[in-house]
Amino acid sequence: MIEYLNKNLNDMLELIGKLVNIDSGSKHKAGIDKVGKILIDEYKKMGFTIETQENNKFGNNLIIKHEDAIDTKILLIAHMDTVFPVGTALERPFKIKDGLAFGPGVADMKASQVTLLYAIKHLYETNDDAYKNVIIILNGDEEIGSPTSRKIIENISKSVDYALVMEPARKDGSIVSSRRGGGRYTLNVHGKAAHSGVAPEEGISAIEELAYKTIKLHKLTNHKKGISVSVGIIAGGDAVNMIPDSATGYVDVRVQSEEQSVEINEKIESICSIPDVKGTTIDLEGGINRPPMELDEKNQKLLSLIKEVGDSFGLTVTDTHTGGGSDASFPSHLGVETVDGMGPIGGKLHNEGEYMEIDSLVERCFLLSQTISKLSEETTIKTMSHAK
Ligand SMILES: [Zn+2]
């Protein structure tokens, strides 16, 4: 069964190379759409229909299902954007060395795109009708928090039973069973300008206020509980001899549970509502935009099924928690059985040294196709028992 994929390994690598060599940073619409076009053509060859959700600013989001789709209860999510700016692919194009593939976005997640495509191809070529039960979202803005695709994912999540998310497997091979959630806040601090030599008593320093807030916000961090609040960027002031009337702080927040996200949000709002420097005000923007993905009972069910599928062909599948966010949070939050990290094994993500383990490509592709096949059986059984 796995033979088909082994035979196609070179084609898979060639396609990964082609995709890696197209810059598709989240803000480079043309590149993302180019990646989309290549994938669209491949899915079309198998009779899949593509709904393109046009986007002016970011890459188009694609919703893909088969023309003979029956009951699309299995959602697959893979993003086409990367974190790398235009020019990176030219600077360090796709290359293979010592069993590893390198290049911008090779693991996160150009190789995952190809893994997904070939898992579907595998089902198609081996006449396993399971490909008729999938609905695929290829989005173009995951790396910046999915501002346009989140709604699409949430809408489709309402009608599916399972979600498999194609982020790469961790470097030890583990798939991802829980993730922290998080969000971003912006503090726009207003004070009153004055010359710091001539009339300092007339000024109210926005920077001083932001300094107090930075310390208070950082105190919300609790590494043991998985909470992190970090002011990552500050800006403010126009001249060294002026009391600054404005300052801005950009805050990154991570949480481990739904309960924490409510609690931290309340605390941030409360800290920003009371001035430490009299006369300042703060406009607070943002919020928690990715709920945490917790390993609850429903996700545990799907995880166990994937592990069984792995066992059936001699692959021991381990799972792990990771701090970073992904689109897996959205279906999971809406009650869909969700597992992430279904792509091939990769490491040094978002870094220059990003790599993908070539040996894991066929194995993870097979794991995915067999998981889809198994879930299809479950769906059919469920539908039948509902009909009774
Ligand atoms: Zn990713």
All but one of (1) assigned to a helix (DSSP H, G or I); (2) out of contact with any strand residue (DSSP E or B) (no Cβ under 6 Å at 6 or more places or on another chain); (3) buried (at least 16 other Cβ atoms within 10 Å of the Cβ) hold for Thr148; which doesn't? (1)
Looking at region 297-349, which of its residues are more than 16 Å from the ligand (Cβ to nearest atom) and among the charged types (D, E, K, R)? Glu297, Lys298, Lys301, Lys307, Glu308, Asp311, Asp319, Glu337
Can Leu76 be described as within 16 Å of the ligand (Cβ to nearest atom) and within 23 Å of Ile40 (Cα to Cα)? yes
Pull out all pairs, ordered by first then second residue, where Cβ-Cβ is under 7 Å, the residues are six or more apart or on different chains, the first lies in region 166-186 and is basic (Lys, Arg), and the second is within 14 Å of the ligand (Cβ to nearest atom) and part of a loop (DSSP other than H, G, I, E, B). Arg170/Gly341; Arg179/Gly324; Arg179/Gly325; Arg179/Ser326; Arg179/Ala328; Arg180/Gly323; Arg180/Gly325
List pairs: first in region 147-161 and under 16 Å from Ser332 (Cβ atoms), second surrounded by 14 or more Cβ atoms within 10 Å (Cβ to Cβ) and basic (Lys, Arg), Cβ under 9 Å, 6+ apart or cross-chain? Arg150/Arg290; Ser159/Lys73; Val160/Lys73; Asp161/Lys73
Out of everything in region 1-41 that is assigned to a loop (DSSP other than H, G, I, E, B) and of a type in the set (S, T, N, Q), what residue ends up being farthest from Lys97 (Cα to Cα)? Ser26
Region 258-289, subset in contact (Cβ under 8 Å) with a residue 40 or more places away in the chain and hydroxyl-bearing (Ser, Thr, Tyr), residue surrounded by the most Cβ atoms within 10 Å (Cβ to Cβ): Ser261
Which condition number in (1) surrounded by fewer than 18 Cβ atoms within 10 Å (Cβ to Cβ); (2) β-branched (Val, Ile, Thr); (3) at pLDDT 95 or above; (4) over 27 Å from Glu354 (Cα atoms) is the one that Ile38 fails? (4)
Would you check if Ile135 is farther than 30 Å from Thr281 by Cβ and either assigned by TED's automatic domain parsing to the domain that holds Thr281 or within 16 Å of the ligand (Cβ to nearest atom) (or both)? no
Among the numbered criteria (1) within 16 Å of the ligand (Cβ to nearest atom); (2) farther than 30 Å from His333 by Cα; (3) among the aliphatic types (A, V, I, L, M), which one does Ala211 miss? (1)
Of everything in region 95-109 that's closer than 14 Å to Leu19 by Cα and more than 15 Å from the ligand (Cβ to nearest atom), which residue is surrounded by the most Cβ atoms within 10 Å (Cβ to Cβ)? Ala101
Residue identified as closer than 19 Å to Glu266 by Cβ and either over 26 Å from the mean Cα position of the chain (by Cα) or polar (S, T, N, Q) (or both) among Asn222, Asn241: Asn222
For region 338-353, indicate whether the set of residues that are out of contact with any helix residue (DSSP H, G or I) (no Cβ under 6 Å at 6 or more places or on another chain) and within 20 Å of Ala163 (Cβ to Cβ) is non-empty. yes
Could we say that Gly145 is more than 16 Å from the ligand (Cβ to nearest atom) and at pLDDT below 95 here? no
Of all strands (runs of 3 or more DSSP E) completely enclosed by region 45-145, which ones contain at least 2 residues that are among the charged types (D, E, K, R)? 95-97
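The values are calculated or read from the model by the stated rules, or taken from the named source; none is laboratory data. No experiment lies behind these values; they were computed from the predicted model shown. A quick note on method: Cβ atoms are made from the backbone with ideal geometry, for glycine too, and the neighbour counts reach across all protein chains shown.
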